[in-house]
Amino acid sequence: MAKADDTISDWIWLDETLKLAKAALGSRALAEKRLRQWLTAGELPWDCMGWDALDAEGIAEFEESLREAGIVQLSPSGPYYEGDPQFWGFNLLEIDWEDSSAREAVGGGAHARGIKVPRAWLLELLPHDAQRSEAISGAGAWIAKEVGRMKNANEIPPDIRISDLARELERRMVKAATTNKSLRPIKWRSIVNGLRTWGLWPVDPIK
């Protein structure tokens, strides 16, 4: 089962998660269904900025207070923890996608606010074409800027092959990503295709 951990650096809020999934799957309803399935199965780790929930002892005390008061109502379905996949499996879970929050719609139910998931994990679950287009669209701007800078600095030999330029850009992108956490490096073969698509090859016409 996938679990969130401190090694994950690129998190996105739940509202952005839904937007990416909808764009990839073509349907908001389908995107919501798939995201909840992945979260419940533990395939998509999650974390949050605010977490309120009763532990097992707290739930027992809550249920006892209901019995003593003669109140009949549903109580929390389980003692969940922050990042617990089972939290997403409760039938009465209310998800506010735009607010990036979710709560059990019962008294004393768990409530998560500021929910986030790792971008890379989400892209692995989405259709491959969506993964590739999302990654390349973000990398394209960086590559265009870097090629322009390299040309102005005379760092591109006039007889360089496109594959060699792509490999050098991949190397630089990987290095830049160590400090720019929003940058997702792509492989040199994707860069080769992108250089032509983005009008960055041949190099001579680039201003």
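Between Asn193 and Ala141, 0.36 nm times their residue separation minus their Cα-Cα distance comes to what?
17.3 nm
Which order do the peptides 104-113, 159-168 take when ranked by the mean count of other beta-carbon atoms within 10 Å per residue, highest first?
104-113, 159-168
Round to a whole angstrom and tell me the spacing of the C-alpha centers of the range 138-180 and the range 74-121.
Value for the Cα centre distance between the two parts: 43 Å.
So, by mean Cβ neighbours within 10 angstrom, what's the order for 144-157, 14-27 with the highest one leading?
Ranked from most to least packed, the peptides come out as 14-27, 144-157.
Label Lys19 and Asp96 with points 7 Å out from Cα along Cα→Cβ: what is the distance between them in nm?
Once both label points are built, they end up 1.9 nm from each other.
Multiply the residue gap between Arg113 and Ser182 by 0.36 nm, knock off their C-alpha separation, and tell me the result in nm, one decimal place.
Between Arg113 and Ser182, full extension yields an extra 22.6 nm.
Measure off 7 Å from each Cα along the Cα-to-Cβ vector at Asp55 and Glu32, then give the distance between these two points in nanometres to one decimal.
Each label point is offset 7 Å from its Cα along the Cβ direction, giving 3.5 nm.
Values in this text are rule-based calculations from the coordinates and carry no lab data. Every value quoted in this text rests on a predicted model; they were computed, and no experiment measured them. Don't worry about glycine lacking a Cβ; one is built from the backbone with ideal geometry, like all the others, and counts go over all protein chains shown.
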